[in-house]
Amino acid sequence: MNTTRLSVFLWKELKEFTRDRKALLVTLLLPPLALSAIGLVTVLLLTQRQVFISIVNVDEESEIALNVTSRLYNELSKAGYNVSETHDLKSVLRDPSIDLIVVIPRGFTNNVTSLDRVAFIEVIKRAGISSEQVDVAENTVRSIISTISTEISELKISTLAEKAGISTYSVEAVRNPVQVKVPVYIGVHGEPAKIEDIWRPFIAKLLILSFSFVVTPASSYVIDGIIGERERKTMEMLLASPLGLTEFLIVKVLAASIVGLIAAISDLMGLYVYVAVLMAAVGGFILGVLEPGLILLHAVISFLTILATTSISLPFISRTRGIKSASSVASLISTLGLAFFVAGWIIDFYKLPSTLLKILLVVPYTHSILAIQAYVYRDQLVVAGCTLVLLVLSTILVFISTRTLDREKVLLAHTYYT
Amino acid sequence: MFLLKGITVSAENIYKEYGSVKALRGVSLRVYEGEIYGLVGPNGSGKTTLLRIIAGLVKPSRGVVRVYGYDPYEDFKETRRYIGYLPEDANTYDLLTGYEHLELYAKIYGLGEDVVKYGEELSQLGSRLRDLASTYSRGMKRRLLLAIVLMRKPRVALLDEPTSGLDVHASVNVRDTIKRYVLETGATIIVSSHNMLEIEYLCTRVGLIYRGVIVDEGSPRELIEKYNASNLEEVFVKAVGELSREHY
């Protein structure tokens, strides 16, 4: 293998890529622009969706029930909900525009003022497509009712204490004598966790999911590189030159992996902006916890994942006659990758039983997932091991792929001219 | 490794089968130094397969091919320095300039600036070499590709239908380049074509190929006299006709 020839041909491949304005636009600019635009539109749509709440007071005209109704009405209106007030439960139940119904039932006043009964307020939710905002509205209702409940219990406890002649007491100690403190986060080694430590698993999951964006285009780049070169009739002269088949295929795989890496970074940026925009809409902040080490690891693993994918698909793609059949083969391999990376979003591979993990390690994508997840657990040994295995595996796969092919197979691929 | 003096390319009893399709059925030929050998035959007669076998891109099912004593398929690396190959429908890279094409191939062959300069000269594209190949006409592309093949002065140039699809002016230009190249370098050219008049003009010796067999061989003049014909087209019809009666 001649490195000068490899670099000359690789340079040509990358030069062509940089001159292809459409490819550049689609690969580099489109993902961050499109995903941030989608994020903004989603936020805009979220804010436009209105939740309609109806408060139904069926406890006659008691002062307490009226007060609770009025409190709920005012605070929910202040929170931006569309609130209405009625006594007619039946008509509200039949009105599909009402998402949430808060019912102050008959006997509420009697119960709330007694010492041996609990007063219930019913919350009725209408099943719908987008229930997240209704869930948020329900939480707001619960929070208002909880405040009202605390105030009433304060009144009851202070009255009872006065009657019993107890001067030293705490309402909270009587109402809620055993409580769970706000959870304390710790790091892998027991140290107090920083904000980055809390966010890192989520970001790692995001990075693993973003691998699924790179496996499909990686195969497409190899398809274009080999089948495209054959169909554009530029391959035969190259194969007849000293470049030879092995160097030709290695450059195609490398070029696809480099372009794939650029696309992966661009996709990741887009995904990041998308999530950041969504989080900003609900008051969160994600960009502050970007970790250079994790991002660098992601870039390396992305490159190796693409390299492994292209190496696996190479022998199949090279043998197929046209772009359609090559795409079918590539999509099968991409689906395998997709299934693994979606699993990596849900499952902690790092904590799987070792017997099961050993079987999964046969698939290169397991190493990609494990490297990122091990980084979260600060297990540098596993990170290094997975990266190394992925590198060695990709190299072996490239080697095997190029060895299973010969000039005739790649050039003719079941077609020939006499 | 044996070396036949004066013989640059030899093929002995070459067969090539693609599944049930027999592309070549016992082709034998010898081509000498400084010769322009023409392979004449209709589409599907086996010209491209034979040239691909000599170029080392396709392995014969049976038979022996030698280029300067080497097996072009097995000794692929060694034969690269001798062979230049222009495929029939070869194309250029749209996003590279003509000059970048010359530079790319010169570097792939490990050659320097002087070769690129010669390539520029051969292409006769002048300042258009700085433009992207996507702006070239078919004739310009063919001239560029021919220049890529010939710029490093290969001892054996295999040209598959070099003027296919070109207009009259472009065809004449390509033929002149080939003739000039042989005069300058004394290299061997094997050129395939279904254009008999082109072959008659260019070649010192001709092989008539039909259904994977070379049915006759000789200089255009010899063949015309042998078949008592007025041109090669007539020769071909008569040769194939006789063969059909004898063998088919």
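The values are calculated or read from the model by the stated rules, or taken from the named source; none is laboratory data. Since the structure is predicted, the reported quantities are computational estimates derived from the model, not experimental observations. All Cβ positions, glycine included, derive from the backbone under ideal geometry; neighbour counts span all protein chains shown. The protein model used for the area step is the full one, side chains on, heavy atoms only, and it has no ligands, DNA or RNA in it. Shrake-Rupley method; radii C 1.70, N 1.55, O 1.52, S 1.80 Å.
Of the residues A:140, A:394, A:381, the one whose Cα sits farthest towards the positive end of the charge dipole of the protein assembly as shown is A:394 (charges of +1 on Lys and Arg Cβ, -1 on Asp and Glu Cβ, taken about the Cα centre). Around the amide H of residue B:97, modelled in the peptide plane, lie the amide H atoms of B:133, all under 5 Å away and 5 or more residues distant in sequence or on another chain. Our summary of shape: the Cα atoms of chain B have principal axis extents of 56, 42, 36 Å, ordered from largest down, in whole angstrom.
Label sites at residue B:179 and residue A:113, each approximated as a point 7 angstrom past Cα along Cα to Cβ, lie 12.1 nm apart. Quick note on region A:26-125: its Rg to Rh ratio, both from C-alpha atoms and Rh being the Kirkwood radius, is 1.26.
Between the helical axis of A:380-403 and the dominant principal axis of chain A, each derived from Cα atoms, what acute angle in degrees is found, rounded to the nearest 10? Its long axis makes an angle of about 40 degrees.
Whole-Hz Karplus values for region A:113-121 come out as 9, 7, 9, 10, 9, 9, 9, 9, 10 Hz, taken residue by residue from phi with 6.51 cos²θ - 1.76 cosθ + 1.60 and θ = phi - 60°; glycine and proline positions read x.
Think of the protein assembly as shown as a dipole: +1 on every Lys or Arg Cβ, -1 on every Asp or Glu Cβ, centred on the Cα centre; then among A:176, A:186, A:320, A:320 lies furthest on the positive end. Ordered by 1.4 Å accessible area with all protein chains kept, A:213, B:76, A:399 run largest first as A:399, A:213, B:76. In a Debye calculation with equal point scatterers on the alpha-carbon sites of region B:170-211 and no solvent, what is log10 I(q)/I(0) at q = 0.15, 0.33 Å⁻¹? The computed values of log10 I(q)/I(0) come out as -0.38, -1.34.
In the assembled protein chains, residue A:274 presents an accessible area of approximately 60 Å² (probe radius 1.4 Å).
Here the calculated FRET efficiency for residue A:34 and residue B:33, from their Cβ-Cβ distance with R0 = 60 Å, stands at 0.45, rounded to the nearest 0.05.
Basic side chains Lys and Arg get +1 at the Cβ, acidic Asp and Glu get -1 at the Cβ, and with that the dipole of region A:51-175 about its Cα centre reaches some 180 debye. With all protein chains in place and ligands, DNA and RNA left out, the 1.4 Å accessible area ranks B:140, A:1 as A:1, B:140, largest first.
Under Stokes-Einstein, with the Kirkwood radius over Cα pairs as Rh, the value for region A:282-406 at 10 °C and 1.306 mPa s is 100 µm²/s.
For chain A, leaving out every one of the trypsin sites (Lys or Arg not before Pro) that falls in a DSSP loop and has at most 15 other Cβ atoms within 10 Å, the longest unbroken run is A:234-320. Of A:119, A:308, A:280, which is the most mobile in a GNM of chain A whose springs link Cα atoms less than 10 angstrom apart? Comparing A:119, A:308, A:280 in a Gaussian network model of chain A, the most mobile one is A:119.
Farthest towards the positive end of the charge dipole of region A:51-175, among the residues A:112, A:53, A:98, is the Cα of A:112, using unit charges on the Cβ of Lys, Arg, Asp and Glu. Amide H contacts of residue B:36 (H built 1.01 Å from N, in plane; Pro and chain starts excluded): B:189, B:204, B:205 sit under 5 Å, all sequence-distant by 5 or more or on other chains. Taking only Cα atoms, what is the 0 to 90° angle, nearest 10, from helix B:113-123's long axis to the longest principal axis of chain B? Roughly 60 degrees, rounded to the nearest 10.
Can you give the Kirkwood hydrodynamic radius of region A:51-175 from its Cα pairs, in Å with one decimal?
Over region A:51-175, the inverse of the mean reciprocal pair distance is 15.7 Å.
Taking the empirical scaling 2.2 N^0.38 Å for compact globular proteins as reference, region A:141-243 has a Cα radius of gyration ratio of 2.62. So which GluC sites (Glu not before Pro) in region A:32-122 end up in coil per DSSP with only 16 or fewer other C-beta atoms within 10 Å? Filter output for region A:32-122: A:60, A:61.
Entry note, chain A: the mean residue ellipticity at 222 nm calculated from DSSP H runs of n ≥ 4, each adding -39500 (n - 2.57), is -22500 deg cm²/dmol after division by the residues and rounding to the nearest 500.
Computed from the alpha carbon positions, the gyration tensor of region B:136-228 leads to an equivalent ellipsoid with semi-axes of 24, 15, 12 Å, biggest first.
The trypsin sites (Lys or Arg not before Pro) of region B:52-127 meeting both criteria, a DSSP state outside H, G, I, E and B (loop) and at most 15 other C-beta atoms within 10 angstrom of the site's C-beta, are B:81. Converting phi to 3J(HN,Hα) with the Karplus coefficients 6.51, -1.76 and 1.60 and the offset θ = phi - 60°, region A:297-303 yields 4, 4, 4, 5, 5, 4, 4 Hz in sequence order, with x at every glycine or proline. Sparse packing (at most 11 other Cβ atoms within 10 Å of the Cβ) combined with a DSSP loop state is found for the following chymotrypsin sites (Phe, Trp or Tyr not before Pro) in region A:138-207: A:185. Based on C-alpha pairs under 8 angstrom that are at least 6 apart in sequence, chain A has a relative contact order of 19 percent.
Rounded to the nearest 20, the size of the Cβ-charge dipole of chain B about its Cα centre is 400 debye, with Lys and Arg at +1 and Asp and Glu at -1. A simple charge model with +1 on the Cβ of Lys and Arg, -1 on the Cβ of Asp and Glu and nothing else charged puts the dipole of chain A at about 1800 debye relative to its Cα centre. Angle of helix B:98-108 to the longest C-alpha principal axis of chain B, folded into 0 to 90 degrees and rounded to 10: 70°. Between B:138, B:128, B:155, the residue with the greatest mean-square fluctuation in the GNM of chain B (Cα pairs under 10 Å linked by springs) is B:128.
Give the share of C-alpha pairs in each 20 angstrom bin for the protein assembly as shown, from 0 to the last occupied bin, in whole percents, shortest bins first. Cα pair-distance distribution for the protein assembly as shown, in percent: 15, 32, 23, 15, 10, 5, 0. Extension gain, residue A:1-residue A:78: 0.36 nm per intervening residue step, less the Cα-Cα distance, totals 20.4 nm.
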